[in-house]
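A.B. asks: Submitted below is the structure of interest, expressed as C-alpha cells.
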There are 2 protein chains.
Amino acid sequence: MKNTLLVKNVLHDGRKTNILVEGNRFRNMAAPEETVADKVIDAQGKAILPPFFNTHTHAAMSLLRGYADDMPLFKWLSEYIWPFENKMTSHDIYEGSKLAVREMIKSGSVFFNDMYFDLEETVRAVDESGMRAALGVTFVESHSKSQQEDKLQMLRHWNDPTGGRIQLTVAPHAIYTVSDELFRKCAETAHEMNLKLHVHLSETAKEVEDCVREHGMTPVRYLDSLGVLGPNVIAAHVVHVDREEMDILAERGVTISHCPCSNMKLASGVFKAKQLIDAGCKITIGTDGDSSNNNQDMREEMKFAALLAKMSSGDPETLPADEAFRWATAAGAEAFDIDSGVIAQGKLADFILVDLNDERMRPCHHLVSNWVYSADTSAIDKVVCDGKVIYEK
Amino acid sequence: MKNTLLVKNVLHDGRKTNILVEGNRFRNMAAPEETVADKVIDAQGKAILPPFFNTHTHAAMSLLRGYADDMPLFKWLSEYIWPFENKMTSHDIYEGSKLAVREMIKSGSVFFNDMYFDLEETVRAVDESGMRAALGVTFVESHSKSQQEDKLQMLRHWNDPTGGRIQLTVAPHAIYTVSDELFRKCAETAHEMNLKLHVHLSETAKEVEDCVREHGMTPVRYLDSLGVLGPNVIAAHVVHVDREEMDILAERGVTISHCPCSNMKLASGVFKAKQLIDAGCKITIGTDGDSSNNNQDMREEMKFAALLAKMSSGDPETLPADEAFRWATAAGAEAFDIDSGVIAQGKLADFILVDLNDERMRPCHHLVSNWVYSADTSAIDKVVCDGKVIYEK
C-alpha cells in the first residue's frame with residue numbers, strides 16, 4: 001500500500017482543484033473533495049508550480065560565499081579560491097553541501113547538478129535532505145593515473161543510497177584542465193554506462209584564445225573533434241561561441257546550463273540567448289557556486305536570465321516569462337531524464353506551493369510572470385520532492 | 001520626555017553593541033547593558049544596517065504588476081498601460097499605493113521617490129505606513145492651464161500630515177510630455193520653494209533621436225539650456241548619454257536614479273555605470289514601477305546594478321558591493337536631504353535588522369557582500385523608520 005498525499009483547494013492551471021499524490025507520483029489532478037489520504041495539505045490561497053532544477057553548481061563552495069568578490073577571475077582563483085579549497089577537509093565539504101542544500105530547498109529547488117570533490121560527503125548531504133541531485137565524479141589532469149582509475153571504479157560500483165534520487169555524472173572539469181586523452185576516456189565511460197557528462201565550456205574569452213592557440217580550433221569544435229559532444233552532455237556557461245558552434249551544439253543535442261549571475265559578476269561575457277534560441281539549442285539554468293553568484297536562488301537566476309536576454313538582444317520580447325520558467329524547471333528535468341518538471345498526472349510528485357497572498361504575487365494578472373519577475377523565496381510555502389514535504393515555511 | 005528604544009546585542013561595524021534610540025534619532029552607539037528604555041529589542045544574532053532609499057518609482061502601478069510583459073515599449077504603453085490607467089479611480093490609487101508600500105517595507109525600504117497622479121491617495125498610504133517619501137506633483141503638457149495652476153497652488157499650500165516624513169517634489173514627467181515653457185516654470189517653482197525636481201531623462205534611444213530632431217540637441221543639453229539642471233534634480237534612468245553630457249550632469253550636481261531592472265526588462269539600453277562613475281556623477285538606485293520591474297525590492301535591484309556594471313564594463317572590479325550598497329542607501333538619503341542612510345550617533349533612526357543565521361547570510365566573510373549578492377528579503381527581521389518599528393517578521 002502506497003503513501004497518499006492530498007493537496008486540497010490548490011490553484012492549478014488557473015483552476016482550484018484537489019490533487020492526489022500516491023507514493024512519489026501524481027495520481028489524480030482532480031480528486032473528489034472526500035478523497036481519503038494519509039496526509040492532507042489545505043492549499044487554499046496557494047498555487048502549485050513545478051520546482052527548480054539547477055543544472056550547474058558547486059554546492060560545497062557555499063563556504064566561500066563572500067570570501068572574494070569584485071576582482072578579476074585569475075586573481076580570484078589563484079589568490080583566494082584555490083588556497084581556500086586546499087585547506088578544506090571532507091567535513092568542510094559535508095558542511096558546505098548541507099548549507100547549500102538548505103539554501104536550495106528553501107528557495108524552491110528539488111535538484112542540482114554538482115561538480116566538486118569528496119563526492120561521498122555531498123551524497124550524504126543530499127540523502128539527508130530528501131532532494132535529487134546529479135553528482136559529478138570530477139576528472140582533472142593533475143590527478144594521478146591511480147586516482148583516475150579509482151574514480152572509474154567508483155562509477156562502476158556505486159550504489160545510490162537514496163534509492164533513485166541521485167545519479168552520478170562523468171565530470172571532466174574543462175578543456176584547460178583535462179587532456180584530449182582523458183576527455184576521450186570520460187566520453188567513452190559516460191556512453192558505456194549511460195551517464196551524463198558535465199563540463200565547463202567556453203566560459204571566458206581567454207579559454208577560447210588559449211584553445212585556438214593550442215588546438216587550432218575553438219572549444220566547441222575541439223570537443224566535437226574528440227567525439228565528446230552528444231545528447232548526454234551538460235555544458236555549463238557557453239558564453240563565447242560563434243554561429244557555427246551554436247549549430248554544432250544544437251545538432252549534437254547538447255544541453256547548455258546558462259549561469260547569468262556568475263557570468264555577469266565575473267564579467268565573463270554576455271550570453272547570446274537570442275541566437276542560441278534561434279539556433280535551436282537546449283537551454284537550462286544553473287546558479288554556479290556561491291563563490292561567484294553568491295547564492296543558489298533559481299528564482300532570482302530566472303529573472304537575471306530573462307532580463308539579460310532582453311537587454312543583450314535589444315528586444316523585450318526575447319525570453320518571455322513562461323519560457324524562462326521552462327528553462328529553470330521542465331528543461332532541467334528533461335536534460336537529466338527525470339520524469340518531472342511539470343505538474344501532470346503520472347509525473348513524479350515534485351512541486352512547490354506558492355502563497356498567492358504574498359504582496360509580490362498580487363494582483364495575479366499572470367501567475368508565472370509574478371513568479372519570475374516579482375516574487376522572492378518568502379512566497380514559498382512548501383516544497384515537495386518525490387512525494388515528500390522537504391520544506392515548510 | 002522622548003520615547004527610547006534600546007537595540008541590544010546587535011552587530012554593528014563588526015562588533016556587538018547596544019544602541020540607544022531617543023525619539024527619532026540614534027543617541028548612543030555603545031549604550032551600557034543596564035540602560036533603561038521604553039522598548040527593548042534583543043538583536044542577538046542580527047546585524048544593523050541602513051535601510052533602502054528607492055529614488056524612482058510609481059507606487060500605485062503595483063496594480064499593473066504582470067499585466068503586460070515581454071513586449072516593446074510603445075505597444076506596452078499604448079495598448080496596455082495607458083488604457084488601464086485611464087480606468088483607475090482614486091480608490092485604486094490608494095489601494096495600489098498601499099500594496100507597494102507594504103512590499104517596500106517588507107523588503108527593507110524606508111523611503112521612495114514617487115511620480116504619479118492623485119497625490120493625496122499616496123500621501124494617505126505613506127502616512128499610515130510610517131515610512132518616508134518624496135511625492136511628485138506631476139506636470140504634463142496635456143493638463144489644462146487651470147489644472148497646472150491648481151498643482152502650483154497645492155505645492156504652495158500643502159501641509160505634511162506626517163510631521164516631516166513626506167516632502168513634495170516638482171515632477172515634470174519628461175521632455176516628450178512637457179514643453180520648454182512648462183519646464184522653465186517647474187524649475188522656477190522648485191528653486192523658489194526649495195524643492196527637488198523629479199524627471200525621466202534619456203531613458204530610450206527614441207527619446208534622444210526625437211529630441212535632437214525637435215530641439216537640435218540631446219536631452220541633457222536641452223534641459224541644461226532651459227536652466228533646469230541643478231543639485232536639486234533627480235533624473236531617472238539616464239541610459240543614453242554621451243561623455244560630455246555626463247560631465248554636464250556631474251558639474252550641475254544632478255542625482256541619477258539608476259533603474260537596472262526596468263532598463264533591462266524593457267530593453268531600453270545599457271546604463272554606462274563605469275563612465276558615469278568616472279565622470280563623478282552622483283548615482284542612486286530606483287526600482288521604477290511594478291509594471292516594468294516587476295517589484296519594489298531594492299536588495300534585488302542592488303545586485304542587478306552591481307552585476308550589470310561589471311558586465312557592461314567588462315571589469316569585475318566595477319561597482320563593488322560596498323559601493324552598490326551606498327548607492328541604494330546613503331546616496332539616496334543624501335539626494336533628498338534626509339539626515340539618514342548611515343548608522344551613526346545623531347542620525348535619524350532608520351535601520352533594518354538582518355538575521356545572520358539565515359542560510360544566505362552564512363558564512364559571514366563580508367557582511368555587505370552577503371547582503372548585496374546573496375540574501376533576499378526573508379533575512380529581514382525588523383525595519384525601523386524614524387525611531388519606530390514599521391515591520392516585524
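A.B. asks: Look at B:Asn9 and say whether it is of a type outside the set (Phe, Trp, Tyr) and within 18 Å of B:Ala344 (Cα to Cα). Write out each step before concluding.
C.D. replies: Working: of a type outside the set (Phe, Trp, Tyr): yes; within 18 Å of B:Ala344 (Cα to Cα): yes.
So B:Asn9 fits the description; yes.
A.B. asks: It is to be established whether one or more residues within region A:340-356 are free of Cβ contacts under 8 Å to residues at least 40 places away in the same chain and either crowded, with 24+ Cβ neighbours inside 10 Å or within 26 Å of A:Asp247 (Cα to Cα) (or both). Working first, answer last.
C.D. replies: Filtering region A:340-356 for residues free of Cβ contacts under 8 Å to residues at least 40 places away in the same chain gives none.
Within region A:340-356, not a single residue is free of Cβ contacts under 8 Å to residues at least 40 places away in the same chain and either crowded, with 24+ Cβ neighbours inside 10 Å or within 26 Å of A:Asp247 (Cα to Cα) (or both).
A.B. asks: Check whether at least one residue in region B:337-357 is over 20 Å from the mean Cα position of the chain (by Cα), in the same structural domain as B:Glu128 (by TED's automatic domain parsing) and acidic (Asp, Glu), and report yes or no.
C.D. replies: No, that holds for no residue.
A.B. asks: On to the next question. Across region A:153-176, what is the total count of residues that are farther than 30 Å from A:Gly216 by Cα and touching a Ser or Thr at 6+ places or on another chain (Cβ under 8 Å)? Spell out how you get there, then give the answer.
C.D. replies: Within region A:153-176, the subset farther than 30 Å from A:Gly216 by Cα is A:153-168.
If we keep only those that are touching a Ser or Thr at 6+ places or on another chain (Cβ under 8 Å) as well, we get A:155.
Here the count works out to 1.
A.B. asks: Also, I was wondering about something else. Take the residues in region A:216-229 that are without any contact (Cβ under 8 Å) to a residue 12 or more places away in the chain and of a type outside the set (Ser, Thr, Tyr); name whichever of them is surrounded by the most Cβ atoms within 10 Å (Cβ to Cβ). Before you say what the answer is, go through the steps one by one.
C.D. replies: Let us first name the residues in region A:216-229 that are without any contact (Cβ under 8 Å) to a residue 12 or more places away in the chain, namely A:216-217, A:225.
Those left that are additionally of a type outside the set (Ser, Thr, Tyr): A:216-217.
Values: A:Gly216: 10, A:Met217: 15.
Top of the filtered list is A:Met217.
A.B. asks: For region A:276-300, name all the residues that are more than 9 Å from chain B (Cβ to nearest Cβ), crowded, with 24+ Cβ neighbours inside 10 Å and out of contact with any helix residue (DSSP H, G or I) (no Cβ under 6 Å at 6 or more places or on another chain). Step through it out loud before you land on a result.
C.D. replies: Looking only at region A:276-300, we keep the residues that are more than 9 Å from chain B (Cβ to nearest Cβ), and these are A:276-289, A:291-292, A:298.
Those still in the list that are crowded, with 24+ Cβ neighbours inside 10 Å too: A:281, A:283-289, A:291-292, A:298.
Passing the criteria: only A:Gly286.
A.B. asks: Those residues that are of a type outside the set (Ser, Thr, Tyr) and under 17 Å from A:His200 (Cα atoms), I need them from region A:266-275; list them, please. Break it down into steps so the answer makes sense when it comes.
C.D. replies: First pass over region A:266-275, keeping only residues of a type outside the set (Ser, Thr, Tyr): A:266-267, A:269-275.
Answer for region A:266-275, where residues must be of a type outside the set (Ser, Thr, Tyr) and under 17 Å from A:His200 (Cα atoms): A:Leu266, A:Ala267, A:Gly269, A:Val270, A:Phe271, A:Lys272.
A.B. asks: Search region B:313-327 for residues being of a type in the set (Gly, Ala, Ser) and facing chain A (nearest Cβ under 8 Å), and hand back the single one that is surrounded by the fewest Cβ atoms within 10 Å (Cβ to Cβ). Show your work before the answer.
C.D. replies: Residues of region B:313-327 of a type in the set (Gly, Ala, Ser): B:313-314, B:321, B:324.
From what is left, the residues that are facing chain A (nearest Cβ under 8 Å) are B:313-314, B:321.
On the way: B:Ser313: 18, B:Gly314: 13, B:Ala321: 23.
Checked region B:313-327; the qualifying residue surrounded by the fewest Cβ atoms within 10 Å (Cβ to Cβ) is B:Gly314.
A.B. asks: Using beta carbons and a limit of 7 Å, which pairs, at least six apart or on different chains, have the first residue in region B:358-380 and assigned by TED's automatic domain parsing to the domain that holds B:Ala309 and the second one surrounded by fewer than 20 Cβ atoms within 10 Å (Cβ to Cβ) and not in a loop (DSSP other than H, G, I, E, B)?
C.D. replies: none
A.B. asks: Of the residues that sit in region B:70-98 and are at pLDDT below 95 and under 23 Å from the mean Cα position of the chain (by Cα), which one is farthest from the other protein chains (Cβ to nearest Cβ)?
C.D. replies: Going through the qualifying residues, I end up with B:Glu85.
A.B. asks: Please give the number of the condition B:Glu334 fails out of (1) more than 26 Å from A:Phe74 (Cα to Cα); (2) assigned to a loop (DSSP other than H, G, I, E, B).
C.D. replies: Here B:Glu334 meets the rest and fails (2).
A.B. asks: Identify, by number, the condition in (1) buried (at least 24 other Cβ atoms within 10 Å of the Cβ); (2) over 23 Å from A:Asp358 (Cβ atoms) that B:Arg124 doesn't meet.
C.D. replies: Looking at each condition in turn, B:Arg124 falls short on (1).
A.B. asks: Being aliphatic (A, V, I, L, M) and part of a helix (DSSP H, G or I) is true for just one of B:Val342, B:Val383, B:Val372, B:Val354. Which residue is that? Please lay out each step first, then the result.
C.D. replies: Details: B:Val342 fails: part of a helix (DSSP H, G or I); B:Val383 fails: part of a helix (DSSP H, G or I); B:Val354 fails: part of a helix (DSSP H, G or I).
One residue alone meets the criteria, B:Val372.
A.B. asks: Going residue by residue through region B:35-47, is there one that turns out to be of a type outside the set (Phe, Trp, Tyr) and within 14 Å of another protein chain (Cβ to nearest Cβ)? Working first, answer last.
C.D. replies: Filtering region B:35-47 down to residues of a type outside the set (Phe, Trp, Tyr) leaves B:35-47.
Within this subset, residues satisfying the condition of being within 14 Å of another protein chain (Cβ to nearest Cβ) are B:47.
Within region B:35-47, one or more residues are of a type outside the set (Phe, Trp, Tyr) and within 14 Å of another protein chain (Cβ to nearest Cβ).
A.B. asks: For the list (1) closer than 25 Å to B:Lys8 by Cβ; (2) without any contact (Cβ under 8 Å) to a residue 40 or more places away in the chain, I need the number of the one condition that B:Pro320 fails.
C.D. replies: Going through the list (1) closer than 25 Å to B:Lys8 by Cβ; (2) without any contact (Cβ under 8 Å) to a residue 40 or more places away in the chain, B:Pro320 breaks only (1).
A.B. asks: If you don't mind, another one. Going by the structure shown, is A:Cys186 crowded, with 24+ Cβ neighbours inside 10 Å and over 21 Å from A:Thr284 (Cα atoms)?
C.D. replies: Yes; evaluated as a whole, the condition is true for this residue.
A.B. asks: Listed residues A:Val241, A:Val270; which is buried (at least 21 other Cβ atoms within 10 Å of the Cβ), among the aliphatic types (A, V, I, L, M), in contact with a helix residue (DSSP H, G or I) (Cβ under 8 Å, 6 or more places away or on another chain) and outside any helix (DSSP H, G or I)?
C.D. replies: Numbers: A:Val270 fails: buried (at least 21 other Cβ atoms within 10 Å of the Cβ).
Only one candidate qualifies: A:Val241.
A.B. asks: Right, next: I'm checking my understanding of the structure. Among residues of region B:368-393 that are among the β-branched types (Val, Ile, Thr) and more than 8 Å from chain A (Cβ to nearest Cβ), which one is farthest from B:Asn24 (Cα to Cα)? Outline the logic, then answer.
C.D. replies: Quick first cut of region B:368-393, residues among the β-branched types (Val, Ile, Thr) only: B:368, B:372, B:377, B:380, B:383-384, B:389-390.
If we keep only those that are more than 8 Å from chain A (Cβ to nearest Cβ) too, we end up with B:368, B:372, B:380, B:383-384, B:389-390.
On the way: B:Val368: 25, B:Val372: 27, B:Ile380: 21, B:Val383: 14, B:Val384: 10, B:Val389: 11, B:Ile390: 13 Å.
Result: B:Val372.
A.B. asks: Any idea which of B:Ala328, B:Ala333 is in contact (Cβ under 8 Å) with a residue 60 or more places away in the chain, within 24 Å of B:Asn232 (Cβ to Cβ) and either of a type in the set (Lys, Arg) or in contact with a helix residue (DSSP H, G or I) (Cβ under 9 Å, 6 or more places away or on another chain) (or both)? It would help to see each step written out before you state the result.
C.D. replies: Working: B:Ala333 fails: either of a type in the set (Lys, Arg) or in contact with a helix residue (DSSP H, G or I) (Cβ under 9 Å, 6 or more places away or on another chain) (or both).
Exactly one of B:Ala328, B:Ala333 is in contact (Cβ under 8 Å) with a residue 60 or more places away in the chain, within 24 Å of B:Asn232 (Cβ to Cβ) and either of a type in the set (Lys, Arg) or in contact with a helix residue (DSSP H, G or I) (Cβ under 9 Å, 6 or more places away or on another chain) (or both), namely B:Ala328.
A.B. asks: Can I ask one more? Would you say B:Asp114 is modelled with pLDDT of 95 or more and more than 29 Å from B:Ala305 (Cα to Cα)? Break it down stepwise before answering.
C.D. replies: Working: modelled with pLDDT of 95 or more: yes; more than 29 Å from B:Ala305 (Cα to Cα): no.
Spelling it out, it is not the case that B:Asp114 is modelled with pLDDT of 95 or more and more than 29 Å from B:Ala305 (Cα to Cα).
A.B. asks: Working carefully through the options B:Leu223, B:Leu201, B:Leu182, find the one that is of a type in the set (A, V, I, L, M, F, W, C), closer than 28 Å to B:Ala125 by Cα and at pLDDT 95 or above.
C.D. replies: On the way: B:Leu223 fails: closer than 28 Å to B:Ala125 by Cα; B:Leu182 fails: closer than 28 Å to B:Ala125 by Cα.
Being of a type in the set (A, V, I, L, M, F, W, C), closer than 28 Å to B:Ala125 by Cα and at pLDDT 95 or above holds for just one of B:Leu223, B:Leu201, B:Leu182, which is B:Leu201.
A.B. asks: Determine, yes or no, whether B:Ser109 is under 18 Å from B:Asp290 (Cα atoms), within 14 Å of chain A (Cβ to nearest Cβ) and surrounded by 18 or more Cβ atoms within 10 Å (Cβ to Cβ).
C.D. replies: On the way: under 18 Å from B:Asp290 (Cα atoms): yes; within 14 Å of chain A (Cβ to nearest Cβ): yes; surrounded by 18 or more Cβ atoms within 10 Å (Cβ to Cβ): yes.
So B:Ser109 fits the description; yes.
A.B. asks: Something else now. Only one of (1) more than 9 Å from every other protein chain (Cβ to nearest Cβ); (2) farther than 30 Å from B:Leu229 by Cα; (3) in contact with a Lys or Arg (Cβ under 9 Å, 6 or more places away or on another chain) is not met by B:His365, so which one is it?
C.D. replies: (1) is the only condition that B:His365 fails.
A.B. asks: Determine whether B:Asp315 is more than 21 Å from B:Ala236 (Cα to Cα) and either part of a helix (DSSP H, G or I) or under 15 Å from the mean Cα position of the chain (by Cα) (or both). I'd like the intermediate steps shown before the answer.
C.D. replies: Details: more than 21 Å from B:Ala236 (Cα to Cα): yes; either part of a helix (DSSP H, G or I) or under 15 Å from the mean Cα position of the chain (by Cα) (or both): no.
Taking the combined requirement at face value, the residue does not satisfy it.
A.B. asks: Do you know which residues across region A:211-222 are part of a helix (DSSP H, G or I) and either of a type in the set (Val, Ile, Thr) or under 22 Å from A:Asp288 (Cβ atoms) (or both)? Full working, then the answer.
C.D. replies: Looking only at region A:211-222, we keep the residues that are part of a helix (DSSP H, G or I), and these are A:211-215, A:219-222.
A:Cys211, A:Val212, A:Pro219, A:Val220 - these are the residues of region A:211-222 that are part of a helix (DSSP H, G or I) and either of a type in the set (Val, Ile, Thr) or under 22 Å from A:Asp288 (Cβ atoms) (or both).
A.B. asks: Can you confirm whether A:Ala331 is within 8 Å of chain B (Cβ to nearest Cβ) and either of a type in the set (Asp, Glu) or surrounded by 19 or more Cβ atoms within 10 Å (Cβ to Cβ) (or both)?
C.D. replies: Values: within 8 Å of chain B (Cβ to nearest Cβ): no; either of a type in the set (Asp, Glu) or surrounded by 19 or more Cβ atoms within 10 Å (Cβ to Cβ) (or both): yes.
Judged against the criteria, A:Ala331 is not a match.
A.B. asks: Just the residues that are part of a helix (DSSP H, G or I) and closer than 16 Å to B:His240 by Cβ, please, taken from region B:275-288. Write out each step before concluding.
C.D. replies: Taking region B:275-288 and keeping what is part of a helix (DSSP H, G or I), we get B:275-278.
Passing the criteria: B:Gln275, B:Leu276.
A.B. asks: Determine which member of the set B:Lys347, B:Lys310 is more than 14 Å from chain A (Cβ to nearest Cβ), more than 30 Å from B:Tyr67 (Cβ to Cβ) and basic (Lys, Arg).
C.D. replies: Details: B:Lys310 fails: more than 14 Å from chain A (Cβ to nearest Cβ).
Answer to the check: B:Lys347.
The values are calculated or read from the model by the stated rules, or taken from the named source; none is laboratory data. None of these values were measured; they are calculated from a predicted model. Positions of Cβ are backbone-derived with ideal geometry, glycine not excepted, and every protein chain shown enters the neighbour counts.
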